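The values are calculated or read from the model by the stated rules, or taken from the named source; none is laboratory data. In this text the structure is predicted, and so the values were computed from the model without any measurement. Cβ coordinates were reconstructed from backbone atoms using ideal geometry, including for glycine residues, and neighbour counts include every protein chain displayed.
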Amino acid sequence: MSSEFVLETRNLVKEFKGFTAVDDVNLKIQKGHIHALIGPNGAGKTTVFNLLTKFLIPTRGQILFKGDDITAMKSAAIARKGIIRSFQISAVFPHMTALENVRVALQRFEGNSFHFWASEKTLNRLNDRAYQLLESVGLETFADTVTVELSYGRKRALELATTLAMEPELVLLDEPTQGMGHEDVDRVVELIRQAAVGRTVLMVEHNLSVVSKLCDRITVLTRGAILTEGDYAAVSQNPKVREAYMGTESAAVEGAH
């Protein structure tokens, strides 16, 4: 395998009681790229993510990270290797402040996840880094705001800060702009662009306008198999892609161009 690929899947298959959710998927995610996995509902995108992060075990096939076979590894070991997933549902503690949330993530990264009784002195050591991370996602003025009071878009920004606290090499973003208004979407697009500096991003995203602005390469899934791959210009002009999306989503392909 070429070292230019951070992540590679070989003939990845996932079957559920006779139903093939992921069908012989060969992905190659290039180092430093923002790579999108798109496709109509039920195409198998989230199942692929679940296989990559070991929430599901593949029926057949291999997953390689920087050339190492990680197919048999458990999800915690995958995270320690530098593959961190950000979930569809905002995964932050609602009754902690933004700063406290980032501090907890930093503790987890240091392997002190259960030291909730740690002294203020120990925790304050993490404050500088936590403030830096909040600043990197535009939340420095919300450090002392309780998370439940943040807008949806800012909660997602905070989630990204907690993800970056784990110092990932590969960030998996699952529908990062789902349920957002235009203003929040624009903010999150900019955040992802910043977060991608010096690392690789693989994202599942329905909003094709977001994909067109951000992504170097796009893999289109349909019925669990790869339909086509390429940059946005090539993928959006592909008649098979338009057919797979049909109707309103086909219009979205054109509208995002």
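Could you give every pair whose Cβ atoms fall below 9 Å, whose first residue belongs to segment 194-209 and is part of a strand (DSSP E or B), and whose second residue is modelled with pLDDT of 90 or more and among the aromatic types (Phe, Trp, Tyr), counting only separations of at least 6 or pairs across chains?
Within 9 Å, the pairs are 202/49; 204/49.
Can you tell which of 59, 9, 47 is β-branched (Val, Ile, Thr), surrounded by 18 or more Cβ atoms within 10 Å (Cβ to Cβ) and more than 25 Å from residue 198 (Cα to Cα)? Give the steps one after another, and end with the answer.
Values: 59 fails: surrounded by 18 or more Cβ atoms within 10 Å (Cβ to Cβ); 9 fails: more than 25 Å from residue 198 (Cα to Cα).
So the residue among 59, 9, 47 that is β-branched (Val, Ile, Thr), surrounded by 18 or more Cβ atoms within 10 Å (Cβ to Cβ) and more than 25 Å from residue 198 (Cα to Cα) is 47.
One line per residue, one yes/no per condition, for (1) on the phi > 0 side of the Ramachandran plot; (2) in contact (Cβ under 8 Å) with a residue 12 or more places away in the chain; (3) not aliphatic (A, V, I, L, M):
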{"site": "49", "(1), (2), (3)": "no, yes, yes"}
{"site": "52", "(1), (2), (3)": "no, yes, no"}
{"site": "56", "(1), (2), (3)": "no, yes, no"}
{"site": "71", "(1), (2), (3)": "no, yes, yes"}
{"site": "78", "(1), (2), (3)": "no, yes, no"}
{"site": "82", "(1), (2), (3)": "yes, yes, yes"}
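Can you tell me which residue within segment 134-158, out of those that are touching a residue at least 60 places away in the same chain (Cβ under 8 Å) and surrounded by 15 or more Cβ atoms within 10 Å (Cβ to Cβ), is farthest from residue 180 (Cα to Cα)? First the steps, then the outcome.
The initial filter retains those residues of segment 134-158 that are touching a residue at least 60 places away in the same chain (Cβ under 8 Å), namely 152, 155-156, 158.
Restricting the remaining residues to those that are surrounded by 15 or more Cβ atoms within 10 Å (Cβ to Cβ) gives 155-156, 158.
Numbers: 155: 11, 156: 10, 158: 15 Å.
The residue in question is 158.
So, residue 177, is that one out of contact with any Phe, Trp or Tyr (no Cβ under 9 Å at 6 or more places or on another chain) and at pLDDT 90 or above or not? If you could, list the steps in order and put the result at the bottom.
On the way: out of contact with any Phe, Trp or Tyr (no Cβ under 9 Å at 6 or more places or on another chain): yes; at pLDDT 90 or above: no.
Judged against the criteria, residue 177 is not a match.
If only one of 146, 171 is within 16 Å of the chain's Cα centre (by Cα), of a type in the set (Val, Ile, Thr) and modelled with pLDDT of 90 or more, which one is it? Explain how you work it out, then say what you get.
On the way: 146 fails: within 16 Å of the chain's Cα centre (by Cα).
Only one candidate qualifies: 171.
Looking at segment 1-56, which of the residues that are closer than 20 Å to residue 207 by Cβ and small (Gly, Ala, Ser) is nearest to the chain's Cα centre (by Cα)?
36
Any residue in segment 162-173 that is in contact (Cβ under 8 Å) with a residue 60 or more places away in the chain, within 27 Å of residue 127 (Cβ to Cβ) and of a type in the set (Gly, Ala, Ser)? Write out each step before concluding.
Residues of segment 162-173 in contact (Cβ under 8 Å) with a residue 60 or more places away in the chain: 162-163, 165-173.
Filter again for within 27 Å of residue 127 (Cβ to Cβ), leaving 162-163, 165-169, 171, 173.
Narrowing the set further to residues that are of a type in the set (Gly, Ala, Ser) leaves 165.
Within segment 162-173 (the criterion being in contact (Cβ under 8 Å) with a residue 60 or more places away in the chain, within 27 Å of residue 127 (Cβ to Cβ) and of a type in the set (Gly, Ala, Ser)), the answer is yes, since at least one residue qualifies.
Might you let me know whether segment 9-26 holds any residue that is more than 21 Å from residue 228 (Cβ to Cβ) and either modelled with pLDDT of 95 or more or in contact with an Asp or Glu (Cβ under 6 Å, 6 or more places away or on another chain) (or both)?
Within segment 9-26 (the criterion being more than 21 Å from residue 228 (Cβ to Cβ) and either modelled with pLDDT of 95 or more or in contact with an Asp or Glu (Cβ under 6 Å, 6 or more places away or on another chain) (or both)), the answer is yes, since at least one residue qualifies.
Would you check if residue 32 is surrounded by fewer than 20 Cβ atoms within 10 Å (Cβ to Cβ), among the small types (Gly, Ala, Ser), in contact (Cβ under 8 Å) with a residue 40 or more places away in the chain and out of contact with any His (no Cβ under 9 Å at 6 or more places or on another chain)?
Values: surrounded by fewer than 20 Cβ atoms within 10 Å (Cβ to Cβ): yes; among the small types (Gly, Ala, Ser): yes; in contact (Cβ under 8 Å) with a residue 40 or more places away in the chain: yes; out of contact with any His (no Cβ under 9 Å at 6 or more places or on another chain): yes.
So residue 32 passes the test.
Mind listing whichever residues of segment 173-193 are of a type in the set (Val, Ile, Thr) and outside any loop (DSSP other than H, G, I, E, B)?
The initial filter retains those residues of segment 173-193 that are of a type in the set (Val, Ile, Thr), namely 177, 185, 188-189, 192.
Scanning segment 173-193 gives 185, 188, 189, 192.
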